[in-house]
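Read through the structure below, which is laid out as structure tokens, and then see the notes.
Nothing in this text is a laboratory measurement; each read-out follows from the coordinates by a stated rule. Note that the structure is predicted; figures quoted are calculated from it, not measured.
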Amino acid sequence: MIELLSSKFSSILDNLKTGNARYVAGELDVSRFSIERRRETFLEGQEPHALVVGCSDSRVPLELVLGQGIGDIFVVRTAGNLCGTFGLASLEFAVEVLHVPVLVVLGHTHCGAVKSAIDPPDFKADRIEELLYRIQPAVFETQRLFPTLTGDAFQHEAVRVNARASLEMIVKYSSLIRERIAEGRLFTTYAVLDIESGVIEWA
Ligand SMILES: [Zn+2]
């Protein structure tokens, strides 16, 4: 049983990796956006195979960077790829009702939210401060892990640490997600998209 589930998880991850390779090469599978595909998903309902938490950044269109189309992935996007209450609720819906078996948190290079957590902006906005406050532990962790790094290299590592921390927070704050992982019904991972090359580096 465990082996069967593992192969299911790995075939979904392979699909996402192959889709990303197409994106890197600039070759999108437009059939996934066809009128037929739209009709099929309308008539048969959605059965997405992956749940992706990504950043709101306009350079990170999740379906495209993962080579997916209509009905393929269930997404939550927020600045800094963090989940608050309703993001978590969306994940729980996807896991419990749609039985989505794979959850990926995707960070990206040159993320403005992570950059702002490293160098706070000079304007004030209540909710932005809250967001940066949530990202800052990942920045401190990056300083601890990579004390000699600075500039872009530091920011790159902070993005990776933040993606992992976001996944850890999701697991921490959702008992449902913890249960599904323990039952072997949900596989979780994190990754980082290089917005220049388009390449996704998986954990
Ligand atoms: Zn971002």
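Nearest 10 degrees is fine. How inclined is helix 151-173 to the longest principal axis of the chain, computing both from alpha carbons?
Taking Cα atoms only, the helix is inclined about 60 degrees.
By how many nm would the segment from Ala203 to Ala153 lengthen if fully extended, with 0.36 nm per residue of separation less the alpha-carbon distance?
16.3 nm
For region 2-202, list log₁₀ I(q)/I(0) at each q in 0.17, 0.19 Å⁻¹, using the Debye formula over Cα point scatterers of equal strength and ignoring solvent, two decimals each.
After summing over all Cα pairs, the log10 values are -1.18, -1.39.
Can you list the lysines whose alpha carbon is less than 26 Å from that of Lys115, not counting same-chain residues fewer than 8 positions off?
Lys124, Lys172
Where a Cα-Cα gap under 18 Å defines reach, which lysines qualify for Lys17, not counting those fewer than 8 residues away within the same chain?
Lys8
What's the extension gain from Ser175 to Ile118 if we count 0.36 nm per residue and subtract their Cα-Cα distance?
Length difference between fully extended and current span is 17.5 nm.
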